[in-house]
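Scroll down for the structure; my scribbles are underneath it.
The values are calculated or read from the model by the stated rules, or taken from the named source; none is laboratory data. Remember, predicted model here, so these are calculated numbers, not experimental data. Counting neighbours? That spans all protein chains shown, and the Cβs are built from the backbone with ideal geometry, glycine included. The protein model used for the area step is the full one, side chains on, heavy atoms only, and it has no ligands, DNA or RNA in it. Shrake-Rupley method; radii C 1.70, N 1.55, O 1.52, S 1.80 Å.
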Amino acid sequence: ASFVGHLMSTSKGRDKICSLIQYIAQFYYECINNSNILTVQELHGESAIISALIAIRIRKSMSSGRKIFRFLKFVDEIGHIHKVAFKSKKRSLPKFLTILGHIASAVYYFLDNTIWAANIGVLTSLVSQEKIVDLKQKKDSFSLTRSISNLIFSILKVRRNQRKVKEYIKLIHSYPNKIITSGDPAYETVRNLIRTRRKIRFRTLDVIHGCLRIIMLYRSLELPQ
């Protein structure tokens, strides 16, 4: 409960929870829609599977509700690109994945805002319906790039933090058996262990979120199976 509460305390966290619900609902609907079971196909064709109808309503509702979280977010991503690129001259895979993810996110959010503005009539004179379809395809392509880079990055972070947890546990076992006070080295080690485990939970959620997102984009972009 505290984990979810902490995650919901920020706009980014609320967007992450909403997107997770959206992708789960979409994943469930796609399973029903592409089922090979004859009974399921017949019931779905007659719109008799209530849970599938609810799932698609949840997806549409969450997708619309998340628009406010993504408004002008591409500006933040440009700032992140500059910060990561010039923070350190050291080359590494995590740094490359981070920059790639932010670049893809910046383009994705810009296209998403453009499509949203066109749909509500602000850019109707500049963006035609045919152009919107093309922009959606490009937006999904950049979203797929972002999702793959973020997924790999999150997996690397989870494995790194899991190694840290083992090191902290080993270090805790080496301390003498006594009551821990705030000034003891063991106290800081335990705090670091708790913080690292919390990071693992957040990154694990990112991995689940990324996998669902990639599956949805794979079908949306109609990539070869």
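As a fraction of the 1.4 Å probe accessible area of region 145-185, surface on carbon and sulfur atoms comes out at 58 percent.
Using the Karplus relation 6.51 cos²θ - 1.76 cosθ + 1.60 with θ = phi - 60°, the per-residue 3J(HN,Hα) values for region 77-88 come to 5, 4, x, 5, 4, 5, 5, 6, 5, 9, 5, 8 Hz, with x marking Gly and Pro.
Give the cross-link partners of K12 among the lysines, using a straight C-alpha distance below 22 Å as the criterion and excluding same-chain residues fewer than 8 apart. Result set, ordered by chain and number: K60, K67, K73, K83, K95, K139, K157, K199.
With contacts taken as Cα pairs under 8 Å and at least 6 residues apart, the chain reaches a relative contact order of 20 percent.
Values of log10 I(q)/I(0) for the chain across q = 0.07 Å⁻¹ run -0.32, by the Debye formula with one identical scatterer at each alpha carbon and no solvent.
Computed with a 1.4 Å probe on the full set of protein chains, the accessible area for F71 sits at about 110 Å².
Select from E30, E77, E46 the residue whose mean-square fluctuation is largest in a Gaussian network model of the chain (Cα-Cα springs shorter than 10 Å). Per the Cα network of the chain with a 10 Å cutoff, E46 tops the list.
Here the calculated FRET efficiency for I68 and I155, from their Cβ-Cβ distance with R0 = 30 Å, stands at 0.50, rounded to the nearest 0.05. Roughly what angle does helix 129-174 make with the longest principal axis of the chain, taking Cα atoms, 0 to 90 degrees, to the nearest 10? The helix 129-174 is inclined about 20 degrees to the chain.
Distance between the modelled labels on S128 and N34, one decimal in nanometres: 3.2 nm (7 Å Cα→Cβ projection).
Take region 66-153 with all the other protein chains still there, run a 1.4 Å probe, and you get 62 Å² of accessible area per residue.
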